[in-house]
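First up is the structure itself, then whatever we jot down about it.
Values quoted throughout were computed directly from the atomic coordinates according to the rules given, and no laboratory measurement underlies them. Computed from a prediction, not measured in an experiment: that's the story for all the values here. Cβ placement follows ideal geometry from the backbone for every residue including glycine, while neighbour counts extend to all protein chains displayed.
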Amino acid sequence: MELVREFPRFGYRQITRMLRRDGWEVNFKRVYRLWRQEGLKVPQKKRKRRRLGDSSGGIARRIAERKDHVWSLDFIFDRTANGRPLKILSIVDEHTRECVALEVSRHLTGDDVVSVLVDLFTIRGVPELIRSDNGPEFISKRLRGFLEKVDVGTSYIEPGSPWENGYVESFHSRFRDECLACEEFTTLTEAIHVIQDWRMTYNHRRPHSSLGGLTPAEFSTQCASVPEKVPPTAPPSPPLQHTDLLMHC
């Protein structure tokens with residue numbers, strides 16, 4: 001046990017070799033039997049995650065300038081009455097403050113996030129940029145590959161800096177205060193219906209102080225659509241003169 005505490009990454013074979021070096025006449029089988037009896041095992045190595053964000057990805061440096069320019073993604077958690085978890089994916093349009101989606105489930109993975117975005121892109125359109133933290137669901141290869149394929153940029157905030165994703169954090173404080181803290185959900189189905197009703201109320205009936213007292217839906221209808229880029233046309237060529245025709249010949 002002293003050797004195990006000193007060398008936690010060693011298995012029973014290496015511990016046997018260490019014992020023999022210290023003068024113990026013992027074979028692998030005996031050490032293995034004691035190893036199993038004490039419930040010992042080598043701790044599984046944790047895979048290191050690469051952090052993708054920095055301060056340049058926050059709201060202060062990359063500001064939403066129009067509707068569907070930047071969407072913010074984040075998770076918020078709650079529980080049903082029986083103690084089982086609820087995981088809720090929030091998607092907010094930073095310019096209009098609209099809650100684009102509140103996806104409620106027991107578990108949500110990176111593949112689930114892709115499925116939600118596919119539906120939203122089909123119904124609402126494709127944003128230019130998506131901002132999120134470095135959660136495993138948001139930095140998954142599946143999600144990043146999908147966004148790259150549909151030409152949507154990613155803006156990851158610096159790890160441990162939730163204020164750099166301030167719009168969705170502000171939305172979560174209102175969502176928690178006005179819905180989650182006031183409702184006790186008995187089932188997942190009930191949670192889905194109540195939360196979707198609250199989302200509609202938030203978008204269409206709740207005035208937003210930062211929007212001049214308008215609701216997010218009202219402000220969204222007033223946002224001018226971005227005109228499509230038209231490739232510039234070349235100016236018409238001047239008519240050929242008689243001397244030009246002669247030179248051309």
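Could you line up Val92, Val26 from fewest to most neighbouring Cβ atoms inside 10 Å? Could the numbers behind the result be given before it?
Values: Val92 28, Val26 12.
In order of increasing Cβ crowding within 10 Å: Val26, Val92.
Can you sort Ser155, Ser173 by how many other beta carbons sit within 10 Å, fewest first? Walk me through the numbers before you get to the answer.
On the way: Ser155 21, Ser173 10.
Least to most surrounded, the residues fall as Ser173, Ser155.
Could you tell me how far the Cα centroid of region 67-146 sits from the Cα centroid of region 205-219, in Å?
22
Which order results if Glu218, Glu38 are arranged by neighbouring Cβ count within 10 Å, fewest first? Kindly include the intermediate steps, with their values, before the conclusion.
Details: Glu218 16, Glu38 10.
Ascending number of Cβ neighbours within 10 Å: Glu38, Glu218.
Grab the other residues whose beta carbon is less than 9 angstrom from that of Trp198, score K and R as +1, D and E as -1, and report the net.
Details: positive: Arg199; negative: Glu178, Glu183, Asp197.
Neighbour charge sum, excluding Trp198 itself: -2.
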